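In what follows, a single structure is set out as structure tokens and then discussed.
The values are calculated or read from the model by the stated rules, or taken from the named source; none is laboratory data. The structure displayed is predicted, hence computed values, not measured ones. No Cβ is skipped: glycine too gets one built from the backbone with ideal geometry, and neighbour counts run over all protein chains shown.
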Amino acid sequence: MSDSAFHYADGVLHVEGVSAASLAEQFGTPLYVYSRDALTRAYRAYADACAGRKAKIHVAIKANSNLAVLNVFARMGAGFDIVSAGELARVIAAGGRAEDTVFSGVGKSAAEMREALQLGVKCFNVESIPELHVLNHVAKALGKKAPVSLRVNPDVGPKTHPYISTGLKANKFGVAFSDARATYAQAHAMDNLEVVGTGCHIGSQITEISPYLDALDKVLELVEQIEADGMHIHHVDVGGGLGITYNDETPPDIGEFVKTLLDHIKKPGHGQREVYFEPGRSLVGNAGALLTRVEYLKPGEEKNFAIVDAAMNDLARPAMYEAFHRIVPVVERRDVKTQTYDVVGPVCESGDWLGRDRDLTVGQGDLLAICSAGAYGFTMSSNYNTRPRAAEVMVNGARARVVRKREEVKQLFAGESVMPD
């Protein structure tokens, strides 16, 4: 397994001190399982590297927005990075604070801006001139000044999947680097905006430090230009996107990553600025797994299929990104022949697959664990085919607690109605 919180004992996969088989029996499948210890250790790796430095961690909650997960981070002093008013509501419900929250996202509505201003969010990461105008108008109506930072698009390739690359000219995100100085001047001229920072976010599942350093060089160059124009930049937001090990990737150590970026910013005389980190996947990805049961083993002319009770609606990443997740048996068996299977779900789509060409030693009714599913797993799940979404469980040592109940079919159409005659 990719994290020591998930390990085998006597041939049975355990999550911390609890058997994954017992979790499946007690709570059913498909089932998302999170390790509190793994969440804590990942956050502390960031926090320890930031200790004594002017740096703040804002957890990107789009990766995993379960209240129990967010509460683990809130208790350790985390800030949060949101992309919707709904996520802001989750931050508050989980014990986080609006004043420790940055509001990102390319399409904030006026209503979302109003709510965030009223609650007192720390900063708006603005991505276009039209957004600046709307935010200025909303702030004026409330008699407030909105703190803003521009998300600059540095046109740096992050060497990742094109769907999760966000810092290139062709991407929808951010203000073009060539337009950034003039855009800052417009923001500075608006009566109800206060320029406080700058930053970038170049993509996700990045496994090298060099793209970050290339982007930072351009951002710091911009900072010097902006301050020459009479604005003060309080903070530099380096974004998130640090990758994890799904299979054989070798991302940098979190501590090394943080220290390298902080030192890089400090060297050219920018050490007085606060640095914001927005990790998501690297905090939660390897802290979670999806448990699923084999319904049928179906031999085919070209492929063998292990048909499981989890599907693309439960874990969209393989179908959407052709993403790889390790798939392992919950109980190791020696009485069954190892065969190569495509692991697929029951959804009526050929794209409904969770793993291709996997060598598995399993029988019908056995349990499998889909590893590294803590990020963009449940948050991207849906009710396609009128399938209730999975339950979520958090393990803390020898205890397990349901942190989101499994949906029931009747809930899925509770808000619907038929037309009268």
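Look at the stretch 327-353 and say how many of its residues are out of contact with any Ser or Thr (no Cβ under 7 Å at 6 or more places or on another chain) and touching a residue at least 60 places away in the same chain (Cβ under 8 Å).
Matching residues across the stretch 327-353 total 4.
Scanning the stretch 371-386 for residues that are in contact (Cβ under 8 Å) with a residue 40 or more places away in the chain and at positive phi, which turns out surrounded by the fewest Cβ atoms within 10 Å (Cβ to Cβ)?
Residue satisfying both the conditions and the ranking: N385.
Out of the residues in the stretch 44-63 that are touching a residue at least 24 places away in the same chain (Cβ under 8 Å) and out of contact with any strand residue (DSSP E or B) (no Cβ under 7 Å at 6 or more places or on another chain), which is nearest to A98 (Cα to Cα)?
That would be K62.
Sort through V18, V106, V91, V12 and tell me the only one that's under 21 Å from the mean Cα position of the chain (by Cα) and modelled with pLDDT of 95 or more.
V91
Specify the residue that is surrounded by the most Cβ atoms within 10 Å (Cβ to Cβ); the eligible residues are those in the stretch 343-367 that are small (G, A, S) and not in a strand (DSSP E or B).
Filtering the stretch 343-367 for residues that are small (G, A, S) and not in a strand (DSSP E or B), the one surrounded by the most Cβ atoms within 10 Å (Cβ to Cβ) comes out as G345.
Can you give me the number of residues within the stretch 115-137 that are of a type in the set (A, V, I, L, M, F, W, C), under 20 Å from A98 (Cβ atoms) and buried (at least 22 other Cβ atoms within 10 Å of the Cβ)?
The qualifying residues number 7.
Inside the stretch 8-27, can you point out the residues that are touching a His at 6+ places or on another chain (Cβ under 8 Å) and either farther than 15 Å from I327 by Cα or touching a residue at least 40 places away in the same chain (Cβ under 8 Å) (or both)?
Y8, L13, A20
If the Cβ limit is 9 Å and pairs must be 6+ apart or interchain, which residue in the stretch 69-90 that is on the phi > 0 side of the Ramachandran plot and without any contact (Cβ under 8 Å) to a residue 60 or more places away in the chain pairs with which residue that is surrounded by fewer than 23 Cβ atoms within 10 Å (Cβ to Cβ) and not aliphatic (A, V, I, L, M)?
G77/D100
I'd like the residue in the stretch 228-275 that is assigned to a loop (DSSP other than H, G, I, E, B) and of a type in the set (A, V, I, L, M) and, out of all such residues, is surrounded by the fewest Cβ atoms within 10 Å (Cβ to Cβ).
M231
Within the stretch 130-141, does at least one residue satisfy the condition of being in contact (Cβ under 8 Å) with a residue 40 or more places away in the chain, under 30 Å from V403 (Cα atoms) and of a type in the set (D, E, K, R)?
No, because not a single residue in the stretch 130-141 is in contact (Cβ under 8 Å) with a residue 40 or more places away in the chain, under 30 Å from V403 (Cα atoms) and of a type in the set (D, E, K, R).
Show me the strands (runs of 3 or more DSSP E) entirely contained within the stretch 26-104 in which 1 or more residues are touching a Cys at 6+ places or on another chain (Cβ under 7 Å).
55-60, 101-103
To keep it simple, each residue is scored yes or no on (1) surrounded by 20 or more Cβ atoms within 10 Å (Cβ to Cβ); (2) outside any loop (DSSP other than H, G, I, E, B); (3) out of contact with any helix residue (DSSP H, G or I) (no Cβ under 7 Å at 6 or more places or on another chain).
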{"site": "F305", "(1), (2), (3)": "no, yes, yes"}
{"site": "A310", "(1), (2), (3)": "yes, no, yes"}
{"site": "D314", "(1), (2), (3)": "yes, no, yes"}
{"site": "Y341", "(1), (2), (3)": "yes, yes, yes"}
{"site": "A369", "(1), (2), (3)": "yes, yes, no"}
{"site": "V393", "(1), (2), (3)": "yes, yes, no"}
